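For reference, the structure is listed below as structure tokens.
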Amino acid sequence: MKIRDVLVQRANNQRLTSAGFKDVADVVRWFGAVQAQDFHAAKWALALRMRGEPATAALEAAYNEGRILRTHVMRPTWHFVAPEDIRWLLELTAARVNLRAATNYRKLELDGPTFKRCHKVLVKALQGSKHLTRTELKNALNRSGIAANDTIRMAHIMLRAELDGVVCSGQRMGKQFTYALLEERVPAVKALSREEALAKLTQRYFASHGPATLADFVWWSGLTAADARRGLVLIDGEINKERIDDVDYYFARAKVKAISAPPSAFLLPVYDEYSVAYKKRQIGLGPNVMQAGKIIGTWKTSIDKNSITVLINAGRTLTTSERSAIANAAQRYVTFLGVNNECLSFAIQTC
């Protein structure tokens, strides 16, 4: 196996060039967690891995129904997670996220007793299956005597409430995000031991992101190197290892079957798992154009009242077949937006 083979197999295991999932929760569950600080981009990342190319409205409905959740886990950023996974993921990774946030907590004068007071106010405001915006919760905290007007301080109050399993994402109100009580939003499930959780996260990462290195897994999961190595030991019978250029790569023994004629071009969103999930990245974190397994440029959209323009910035002159494949990828994106393809304006520029 060579590095180019690694990239091809990653695209397959990431379900870009293999059969997609029918249900959005299955996509999230396959990955373990999907980075989602850019909400719209993350929805497109999920749609790329699904059959039938669901529109953004369908994924928005799934989110509002609580079939996927958005919370801080693994690293100090938002991820989509499946409801049945949220508790064991938090139990496994929240302490590491809190450690990384500890300096900010101290600067913002947020200590253990203060967080307990905050949690009590949040529970009182949200109980009864209420879904409230950050502004509404900020007002409740202020009324209780907890200073929450500072945007950064409020963000860290809510970060800790997510990490402590007090709140998770609620339904959207228009374009605004809300919070709900995790205990009311998510049915209880059987708890996992730490080793069971560690084994599950390790297996999901290397099945969905492999071939990948130990350092890749440490970066993605936020776990210590010791925990990552322990995870590999726990799933030793489920993974293969191959050494490439003096580096060990791990991947699941169970193979994901590639589809015979996958789309030959993809418009990957910003922070897609194909780019963000590896410490040593072959590509940047921006919106990338992938053609036949290789990144050949970037893309962006411009939307006005009557049209959508998809602009491709390619690093070289493209062939006729490549231009056609990328045009088809642009049409997929417009379909995802729920817009008539006749509104699409498509342009490629090279540098």
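The values are calculated or read from the model by the stated rules, or taken from the named source; none is laboratory data. This structure is a prediction, so every number in the text was calculated from the model and none was measured. Cβ sites come from the backbone with ideal geometry, for glycine too, and all protein chains shown count toward neighbours.
Conditions tested, residue by residue: (1) in the same structural domain as Ile68 (by TED's automatic domain parsing); (2) within 28 Å of the chain's Cα centre (by Cα); (3) surrounded by 19 or more Cβ atoms within 10 Å (Cβ to Cβ); (4) not basic (Lys, Arg).
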| position | (1), (2), (3), (4) |
| --- | --- |
| Asp85 | yes, yes, yes, yes |
| Trp88 | yes, yes, yes, yes |
| Ala94 | yes, yes, yes, yes |
| Val97 | yes, yes, yes, yes |
| Ala102 | yes, yes, no, yes |
| Lys107 | yes, no, no, no |
| Cys118 | yes, yes, yes, yes |
| Val121 | yes, no, yes, yes |
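Anything in segment 42-63 that is part of a helix (DSSP H, G or I) and either surrounded by fewer than 18 Cβ atoms within 10 Å (Cβ to Cβ) or in contact with a helix residue (DSSP H, G or I) (Cβ under 7 Å, 6 or more places away or on another chain) (or both)? List them, or say none. Reasoning before the result, please.
The initial filter retains those residues of segment 42-63 that are part of a helix (DSSP H, G or I), namely 42-47, 56-63.
Of everything in segment 42-63, those that are part of a helix (DSSP H, G or I) and either surrounded by fewer than 18 Cβ atoms within 10 Å (Cβ to Cβ) or in contact with a helix residue (DSSP H, G or I) (Cβ under 7 Å, 6 or more places away or on another chain) (or both) turn out to be Lys43, Trp44, Ala45, Leu46, Ala47, Thr56, Ala57, Ala58, Leu59, Glu60, Ala61, Ala62.
Could you say which residue among Thr298, Thr320, Thr309 is surrounded by fewer than 19 Cβ atoms within 10 Å (Cβ to Cβ), within 19 Å of Pro263 (Cα to Cα) and hydroxyl-bearing (Ser, Thr, Tyr)? Spell out how you get there, then give the answer.
On the way: Thr298 fails: surrounded by fewer than 19 Cβ atoms within 10 Å (Cβ to Cβ); Thr309 fails: within 19 Å of Pro263 (Cα to Cα).
Only one candidate passes the filter, namely Thr320.
Can you tell me which residues in segment 303-327 are within 25 Å of the chain's Cα centre (by Cα) and either more than 16 Å from Leu268 (Cα to Cα) or in a helix (DSSP H, G or I) (or both)?
Ile303, Ile326
Scan (1) closer than 30 Å to Lys300 by Cα; (2) within 21 Å of the chain's Cα centre (by Cα) for the single condition Ala258 breaks and write down its number.
That leaves (2) as the condition not met.
Please give the number of the condition Ala265 fails out of (1) surrounded by fewer than 20 Cβ atoms within 10 Å (Cβ to Cβ); (2) in contact with a helix residue (DSSP H, G or I) (Cβ under 7 Å, 6 or more places away or on another chain).
It fails just one condition, (1).
Given the residues Gln176, Gln127, Gln171, which is the only one that is over 30 Å from Leu46 (Cα atoms), of a type in the set (S, T, N, Q) and surrounded by fewer than 22 Cβ atoms within 10 Å (Cβ to Cβ)? Can you show your working first?
Numbers: Gln176 fails: over 30 Å from Leu46 (Cα atoms); Gln171 fails: over 30 Å from Leu46 (Cα atoms).
After ruling out the rest, the residue left standing is Gln127.
Mind listing just one residue for me: the one in segment 41-74 that is of a type outside the set (A, V, I, L, M, F, W, C) and within 11 Å of the chain's Cα centre (by Cα) and, of those, nearest to Leu268 (Cα to Cα)?
Let us first name the residues in segment 41-74 that are of a type outside the set (A, V, I, L, M, F, W, C), namely 43, 49, 51-54, 56, 60, 63-67, 70-72.
Checking the rest, the ones that are also within 11 Å of the chain's Cα centre (by Cα) come to 43, 70-72.
Numbers: Lys43: 11, Arg70: 20, Thr71: 22, His72: 23 Å.
Within segment 41-74, the match that is nearest to Leu268 (Cα to Cα) is Lys43.
Among the residues of segment 217-233, write down those that are out of contact with any strand residue (DSSP E or B) (no Cβ under 9 Å at 6 or more places or on another chain) and either at pLDDT below 95 or crowded, with 16+ Cβ neighbours inside 10 Å (or both).
Start the filter on segment 217-233 by keeping residues that are out of contact with any strand residue (DSSP E or B) (no Cβ under 9 Å at 6 or more places or on another chain), which leaves 218, 223-231, 233.
Answer for segment 217-233, where residues must be out of contact with any strand residue (DSSP E or B) (no Cβ under 9 Å at 6 or more places or on another chain) and either at pLDDT below 95 or crowded, with 16+ Cβ neighbours inside 10 Å (or both): Val218, Leu223, Asp227, Ala228, Arg230, Gly231.
For the condition under 26 Å from His40 (Cα atoms) and not β-branched (Val, Ile, Thr), what is the one hit in Gly112, Gly66?
Result of the check over Gly112, Gly66: Gly66.
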